[in-house]
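Have a look at the structure below before the remarks.
Computed from the coordinates by the stated procedures, all read-outs in this text should not be read as laboratory data. The structure displayed is predicted, hence computed values, not measured ones. Here the Cβ positions follow ideal geometry from the backbone for every residue, glycine too, while neighbour counts run over all protein chains shown.
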Amino acid sequence: MTEKPQRISYFPLSEMDDQMLAVMNRCASEGTPRPESSAVRAHSKAAFWAFDDAWEKLFRNGEVDHSIKELCRVYVSRSVKCEYCGNQRSEAAHEAGLSEGKLDELINFESSDSYSDREKAALSYAEAITWRIDPDDRFWDRLHSRFNEEELVELACFIALTMGQQSWIRMLNIDHHQVMAGGAASLAPGFESEEALAQSKRSPGYWASTTPPPTNR
C-alpha cells in the first residue's frame, strides 16, 4: 500500500500546556479520539477546546444511549471512508455490549436483525444527514416515536459534529501509532499495533477497500 503524504503536521507535545497535555494523555489511555487527531487540532487552541468540550457533552455524556451514538459514529466513518476514525472503537460502548459483529452490519442496518427499532431509527437519522436524503413524514414519525425532542437535537448535533470532523480527518492522511505511540486504547481488533494495522489494511476484506453506497433509501 502506497503511503500517502500527511497534509497537516502534529502539533508538538513539548509546546502544549498542562491542560492540553492532560487531554492528550486521556486520548492515549482512553481513546476516541486518539492522540493523532487531537494533535492536529492542537494547532488551534480554539479548535482543540471547542471540539473537546462538544465531544465531552455530546458523545461521552448526554441523554441518548452512548452505544447508539457509537453506532452512528462508526456508520459515518464507513460512509465517508475515514479510516482513522473507522478503526477506532469506544471502550464504553464495547463494555456495554456493542459487538464487532454488530458494527459489521451497519451499512445494511435496515435489513439486519441485529438492531433494535430505536437503533435503526437513529441510524436512519445518521444516514439522512450523511447522505443528504430528503425525509418524508413517515421518517419523522418514526424518529418522534422513539426519541424525544431533546434526544433528537442532541443526536443530530453529535452526528453533524462527527461527520464534519471525519470528512476533514480523512483528507489528512494521519494514522494511529504516530503520536504517543505504544497504547492500543479504543482501537478496533487487528489495529492494536503498527504492524497489526499494516497487516489489517492489506487484508482482502478490509472495510475501507471499497466505499459501499447506502442501501436503505
Partnerless Cys - the chain, beta-carbon criterion under 4.7 Å: CYS27, CYS72, CYS157
Qualifying trypsin sites (Lys or Arg not before Pro) for the stretch 34-135 [loop in DSSP, other Cβ within 10 Å: at most 15]: ARG132
Which of CYS72, CYS157, CYS27 has the fewest Cβ neighbours within 10 Å, and the rest in rising order: CYS157, CYS27, CYS72
Sparse-neighbourhood loop sites, GluC sites (Glu not before Pro) in the stretch 99-205 - DSSP loop, at most 16 other Cβ within 10 angstrom: GLU105, GLU192
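Which number comes out as Rg/Rh for the chain once both Rg and the Kirkwood Rh are worked out on C-alpha atoms?
0.96
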Helix-derived mean residue ellipticity, 222 nm - over the chain, DSSP H n ≥ 4, -39500 (n - 2.57), to 500: -15500 deg cm²/dmol
Alpha carbon Rg of the stretch 67-146, scaled by the compact-globule rule 2.2 N^0.38 Å: 1.08
Euclidean distance between Cα centres, the stretch 175-199 to the stretch 1-67, Å: 16
Radius of gyration and maximum dimension Dmax of the stretch 21-102, Cα, Å: 12.8, 38
When each of LYS81/LYS102; LYS4/LYS102; LYS57/LYS120; LYS81/LYS201; LYS4/LYS45 is checked by Cα-Cα distance, pairs over 21 Å: LYS4/LYS102; LYS57/LYS120; LYS4/LYS45
